[in-house]
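Have a look at the structure below before the remarks.
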Amino acid sequence: MSYGLLLALHLLTAIAFAGTVFFEVVMLEGVRRRLPQQMTREVERAIGNRATAVMPWVLLTLYAAGIGMAWHHRAALAQPLASSFGLLLALKIGLALSVFGHFATAMVWRRRGVLGERRSRRLHLSVFCHVLIIVLLAKAMFYLHW
């Protein structure tokens, strides 16, 4: 598969994932305060059910394309301390693996019925912070040099 196609798939699915996380952390939080608690729970449950159906496919594509792109940059990743690009890419991959761990944890907790409101908010906030840093690192990889 060509690098350009991998890049396009990675970018589009990253937008979908980051947009979903942004919506849930920033937008939904503002709505939560204005709606009755029961209605908020129903909205969150509906969004959660939809996300559970869609996000695995988004993440599968996102990570598969990311792995393909990482393979393209394997020389930089073999010695990440040798260049700013390699180091920033390695950090980005580490954070992406952490996000995947968050997602897997959320799915397990959801299936076990222990993904309560507090845990969910903490997970979403953590993923949101990870995603912000990943986006900054993705840009920095091509602009910061030392």
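Are any residues in the stretch 67-115 among the polar types (S, T, N, Q) and under 20 Å from the mean Cα position of the chain (by Cα), and if so, which ones?
In the first step, residues of the stretch 67-115 are kept if they are among the polar types (S, T, N, Q); the result is 79, 83-84, 98, 105.
Correct list: 98, 105.
Which of (1) farther than 24 Å from residue 2 by Cα; (2) of a type outside the set (D, E, K, R); (3) under 16 Å from the mean Cα position of the chain (by Cα); (4) open to solvent by 50 Å² or more (accessible area, probe 1.4 Å) is the odd one out, the single condition residue 126 does not satisfy?
(4)
Between 93, 47, which is in a helix (DSSP H, G or I), in contact with a Leu (Cβ under 9 Å, 6 or more places away or on another chain), hydrophobic (A, V, I, L, M, F, W, C) and farther than 30 Å from residue 145 by Cα?
Numbers: 93 fails: farther than 30 Å from residue 145 by Cα.
Checking each option against the conditions leaves just 47.
Is it the case that the stretch 134-146 has a residue that's within 20 Å of the chain's Cα centre (by Cα), surrounded by fewer than 17 Cβ atoms within 10 Å (Cβ to Cβ) and without any contact (Cβ under 8 Å) to a residue 40 or more places away in the chain?
yes
State all residues of the stretch 113-134 that are farther than 16 Å from residue 23 by Cα, assigned to a helix (DSSP H, G or I) and modelled with pLDDT of 95 or more; if no residue qualifies, say none.
133, 134
Among all residue pairs at least 6 apart or on different chains, which show Cβ distances below 7 Å where the first residue, located in the stretch 86-100, is on the phi < 0 side of the Ramachandran plot and the second is at pLDDT 95 or above and among the hydroxyl-bearing types (Ser, Thr, Tyr)?
Correct list of pairs: 100/63.
Going through the stretch 1-44 one residue at a time, which ones are of a type in the set (D, E, K, R) and part of a loop (DSSP other than H, G, I, E, B)?
Kept after step one, since they are of a type in the set (D, E, K, R), are these residues of the stretch 1-44: 24, 29, 32-34, 41-42, 44.
Passing the criteria: 33, 34.
Out of all the residues in the stretch 58-65, is one or more modelled with pLDDT of 95 or more, crowded, with 18+ Cβ neighbours inside 10 Å and in contact with a His (Cβ under 7 Å, 6 or more places away or on another chain)?
Within the stretch 58-65, one or more residues are modelled with pLDDT of 95 or more, crowded, with 18+ Cβ neighbours inside 10 Å and in contact with a His (Cβ under 7 Å, 6 or more places away or on another chain).
Among the residues that make up the stretch 11-29, is at least one of them more than 17 Å from the chain's Cα centre (by Cα) and surrounded by 12 or more Cβ atoms within 10 Å (Cβ to Cβ)?
yes
Name the pairs: first residue in the stretch 40-55 and within 14 Å of residue 110 (Cβ to Cβ), second residue open to solvent by 50 Å² or more (accessible area, probe 1.4 Å) and of a type in the set (Lys, Arg), Cβ to Cβ under 9 Å, at least 6 apart or on different chains?
48/110; 52/110
The values are calculated or read from the model by the stated rules, or taken from the named source; none is laboratory data. Computed from a predicted structure; not experimentally measured. Note: ideal-geometry Cβ built from the backbone for every residue, glycine included; neighbour counts use all protein chains shown. With ligands, DNA and RNA removed, areas are computed over all heavy atoms of the protein, side chains included. Shrake-Rupley method; radii C 1.70, N 1.55, O 1.52, S 1.80 Å.
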